[in-house]
Amino acid sequence: MADAYIAAYGRDLAEAFENAALAMFETMTDTSKVEPKIEEEIYVEGHDEASLLYNWLEELLIKFDLTGNLYSKFKILEIKEENDRLRLKAKVYGEPFNPEKHPQKVGVKAVTYHKMEIIREPEKVTVKFILDL
């Protein structure tokens, strides 16, 4: 398998982004075994919603690669437009990867724009994206 096609849902864009992050980490491990021992703040921006989604997921993947921390809880504090840019502020919670505690599924190499979609419906937002494995 070279790719994972993910669809995440929420009542609004923030919740859909939170669930997209959870789905990405669930691709890597069983997130129910990742305890929220560490809290970190994340700030990303983008020129539109798709680039914001890409930058959000990419920032989390980079944090995992640099720190070895897995995350299982995501809280978007705000998504706002400022100076023709969308800015996202979030808190993420997790703990360092422990191979005895966290089963390895597949490694995620990158987030891609390929087939990325953000679908808004009344009371529901769906985000779709592909992870390169």
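Here are a few things to note about the model shown:
- Inter-residue pairs, beta-carbon under 8 Å, first within 14 Å of residue 69 (Cβ to Cβ) and in region 97-111, second basic (Lys, Arg) and outside any loop (DSSP other than H, G, I, E, B), 6+ apart: 101/33; 102/33
- Of the residues making up region 45-83, those that are outside any strand (DSSP E or B), in contact (Cβ under 8 Å) with a residue 40 or more places away in the chain and closer than 15 Å to residue 16 by Cβ are 49, 50, 53, 54, 57.
- Residue in region 23-44 that is farthest from residue 130 (Cα to Cα), counting only those that are assigned to a helix (DSSP H, G or I) and in contact with a strand residue (DSSP E or B) (Cβ under 6 Å, 6 or more places away or on another chain): 31
- Given (1) at pLDDT 95 or above; (2) surrounded by 12 or more Cβ atoms within 10 Å (Cβ to Cβ); (3) of a type in the set (A, V, I, L, M), index of the condition residue 106 fails: (1)
- Note on region 1-21: residues that are outside any strand (DSSP E or B) and surrounded by fewer than 16 Cβ atoms within 10 Å (Cβ to Cβ) total 4.
Yes/no per residue for (1) at pLDDT 95 or above; (2) more than 15 Å from residue 93 (Cβ to Cβ); (3) hydrophobic (A, V, I, L, M, F, W, C):
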site	(1), (2), (3)
7	yes, yes, yes
15	yes, yes, no
36	yes, no, no
40	yes, no, no
44	yes, yes, yes
47	yes, yes, no
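- Any hit, region 103-113, residues being of a type in the set (Gly, Ala, Ser) and in contact with an Asp or Glu (Cβ under 6 Å, 6 or more places away or on another chain): yes
- Test: residue in region 77-85 that is under 23 Å from residue 5 (Cα atoms) and either at pLDDT 95 or above or not β-branched (Val, Ile, Thr) (or both): no
- Filtered residues of region 38-58 (kept if surrounded by fewer than 17 Cβ atoms within 10 Å (Cβ to Cβ) and either under 19 Å from residue 72 (Cα atoms) or under 11 Å from the mean Cα position of the chain (by Cα) (or both)): 38, 39, 40, 41, 43, 58
- Filtered residues of region 116-131 (kept if surrounded by fewer than 18 Cβ atoms within 10 Å (Cβ to Cβ), in a strand (DSSP E or B) and not aliphatic (A, V, I, L, M)): 117, 120, 121, 124, 126, 128
- Taking the criterion of being hydroxyl-bearing (Ser, Thr, Tyr) and closer than 18 Å to residue 61 by Cβ, the residues of region 77-133 that qualify are 93, 112, 113.
The values are calculated or read from the model by the stated rules, or taken from the named source; none is laboratory data. Bear in mind the structure is a predicted one, so any value in this text is a computation, not a measurement. Neighbour counts are summed over all protein chains in view; Cβ atoms, including those assigned to glycine, are modelled from backbone coordinates with ideal geometry.
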